[in-house]
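The values are calculated or read from the model by the stated rules, or taken from the named source; none is laboratory data. This one's a predicted model, so the numbers in the text were calculated from it and none came from an experiment. Cβ: placed from backbone, ideal geometry, glycine included. Neighbour counts: every protein chain shown.
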């Protein structure tokens, strides 16, 4: 077998380091989000104030993303990642040391900025280091490992509790541990030596099949996690079963990403993205129009969770096929920004849909989002054929 279809030892070390770093960060992130919400609630903050504080992370992404490739070019990938890990660890410790609620807003912004840098540069590293013929497989492994990391964070929080120093120290230590693989393999990080060939905003429109995929998946994922339990109760499920709808959706994400990545290595990734979007239209449409038994809803959501998550995994792989160097880093940043916009707009849209058309407004709203995506990608493919 040739280099095109196998991984060299340096590639394996480089990819393992980047994936280990971002998965460890995922554990720390999924630990910190509920921890900070519980802490603010204990301080007497209103639900609205807690929501605004959480939104600071999304604001940080929008503000910082355009500058990340420049920072990495100036200071190096490994050094920028290390600085971000240290910033995140200090912020987590500061949350428990600082009493005024207003001070938690700049801290949340700094933490969000650090995490944005970590995700953008780690995904750039993985994308740039992956061999073209196995790019989808590599990103499928990354997505699966990251999902498992997100699942572990709340378990750590459950063991340590939500009060006192232990959860904050644990979160900080987890971020510091993420620096170990960077220290070991930082010299193998693909450098960014050139400047982007276009302005940051241009990358939103250069590959809309990828950037819009990030937006639609961000909206669908966050809406599903936040609102599926309410949808389940609205259609008559018991509380435990309603919460289980989220587990089914997330389980599909874990199970399907490696197969989706392998498929995307063997065909035009635009068609895989189109298929993922069509699966969302059909699946959410079925939930809206067809009376399914609980077991059928669980099975459908598991398959849907896996297929629509392919929008993120395959979208990243598509970027890696199109861009190199600074352009890839800038495209990755645009991808993360679109995903963050999806996180912001998804739950309000899903909630409004539930209010306008109970009980099926949530799947109907998501079906419309997927249909818009399918239309845009389908038209673009037709014009380029």
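Kindly evaluate residue 92 against the criterion of being out of contact with any strand residue (DSSP E or B) (no Cβ under 6 Å at 6 or more places or on another chain) and free of Cβ contacts under 8 Å to residues at least 40 places away in the same chain.
Values: out of contact with any strand residue (DSSP E or B) (no Cβ under 6 Å at 6 or more places or on another chain): yes; free of Cβ contacts under 8 Å to residues at least 40 places away in the same chain: no.
No; evaluated as a whole, the condition is false for this residue.
Does residue 366 meet the test of being in contact with a helix residue (DSSP H, G or I) (Cβ under 6 Å, 6 or more places away or on another chain), under 21 Å from residue 274 (Cβ atoms) and at pLDDT 90 or above? Before the answer, list the steps.
Details: in contact with a helix residue (DSSP H, G or I) (Cβ under 6 Å, 6 or more places away or on another chain): yes; under 21 Å from residue 274 (Cβ atoms): yes; at pLDDT 90 or above: yes.
Yes; evaluated as a whole, the condition is true for this residue.
Among the candidates 4, 42, single out the residue that is at pLDDT 85 or above and more than 25 Å from residue 182 (Cβ to Cβ).
Of 4, 42, the one residue that is at pLDDT 85 or above and more than 25 Å from residue 182 (Cβ to Cβ) is 42.
Of 209, 247, which residue is surrounded by fewer than 17 Cβ atoms within 10 Å (Cβ to Cβ), within 23 Å of the chain's Cα centre (by Cα), part of a helix (DSSP H, G or I) and outside the structural domain of residue 84 (by TED's automatic domain parsing)?
247
Check 124, 168, 142 and return the single one that is assigned to a helix (DSSP H, G or I) and under 24 Å from residue 94 (Cα atoms).
So the residue among 124, 168, 142 that is assigned to a helix (DSSP H, G or I) and under 24 Å from residue 94 (Cα atoms) is 168.
Quick one: which residue in 158, 236 is surrounded by fewer than 21 Cβ atoms within 10 Å (Cβ to Cβ), more than 22 Å from residue 37 (Cβ to Cβ), out of contact with any helix residue (DSSP H, G or I) (no Cβ under 7 Å at 6 or more places or on another chain) and free of Cβ contacts under 8 Å to residues at least 60 places away in the same chain?
On the way: 158 fails: more than 22 Å from residue 37 (Cβ to Cβ).
Criteria check complete, one pass: 236.
For the structure I just gave you, tell me whether residue 74 is surrounded by fewer than 21 Cβ atoms within 10 Å (Cβ to Cβ), outside the structural domain of residue 324 (by TED's automatic domain parsing) and out of contact with any strand residue (DSSP E or B) (no Cβ under 7 Å at 6 or more places or on another chain). Even if it seems obvious, please write down each step before you answer.
On the way: surrounded by fewer than 21 Cβ atoms within 10 Å (Cβ to Cβ): yes; outside the structural domain of residue 324 (by TED's automatic domain parsing): yes; out of contact with any strand residue (DSSP E or B) (no Cβ under 7 Å at 6 or more places or on another chain): yes.
Spelling it out, residue 74 is indeed surrounded by fewer than 21 Cβ atoms within 10 Å (Cβ to Cβ), outside the structural domain of residue 324 (by TED's automatic domain parsing) and out of contact with any strand residue (DSSP E or B) (no Cβ under 7 Å at 6 or more places or on another chain).
For every residue, the table says whether it meets (1) surrounded by fewer than 24 Cβ atoms within 10 Å (Cβ to Cβ); (2) outside the structural domain of residue 168 (by TED's automatic domain parsing); (3) under 19 Å from the mean Cα position of the chain (by Cα).
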residue: 14; (1), (2), (3): no, no, no
residue: 40; (1), (2), (3): yes, no, no
residue: 46; (1), (2), (3): yes, no, no
residue: 68; (1), (2), (3): no, no, yes
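Check whether at least one residue in region 218-225 is surrounded by fewer than 24 Cβ atoms within 10 Å (Cβ to Cβ), part of a loop (DSSP other than H, G, I, E, B) and modelled with pLDDT under 90, and report yes or no.
For region 218-225, residues surrounded by fewer than 24 Cβ atoms within 10 Å (Cβ to Cβ), part of a loop (DSSP other than H, G, I, E, B) and modelled with pLDDT under 90: absent.
If you go through region 40-55 one residue at a time, do you hit one that is free of Cβ contacts under 8 Å to residues at least 12 places away in the same chain and within 20 Å of residue 165 (Cβ to Cβ)?
Yes, that holds for at least one residue.
Which numbered condition trips up residue 307, out of (1) touching a helix residue (DSSP H, G or I) at 6+ places or on another chain (Cβ under 6 Å); (2) surrounded by fewer than 24 Cβ atoms within 10 Å (Cβ to Cβ); (3) closer than 30 Å to residue 193 by Cβ?
(3)
This table checks each residue for (1) surrounded by 22 or more Cβ atoms within 10 Å (Cβ to Cβ); (2) free of Cβ contacts under 8 Å to residues at least 24 places away in the same chain; (3) over 27 Å from residue 127 (Cβ atoms); (4) outside the structural domain of residue 136 (by TED's automatic domain parsing).
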| position | (1), (2), (3), (4) |
| --- | --- |
| 320 | yes, no, no, yes |
| 332 | yes, no, no, yes |
| 342 | yes, no, no, yes |
| 346 | yes, no, no, yes |
| 350 | yes, no, yes, yes |
| 376 | no, no, no, yes |
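If I ask for residues that are under 23 Å from the mean Cα position of the chain (by Cα) and surrounded by fewer than 24 Cβ atoms within 10 Å (Cβ to Cβ), which ones from region 91-111 would you list? Even if it seems obvious, please write down each step before you answer.
Keep residues of region 91-111 that are under 23 Å from the mean Cα position of the chain (by Cα), which gives 91-92, 105-111.
Within region 91-111, 105, 106, 107, 108, 109, 110 meet the criteria.
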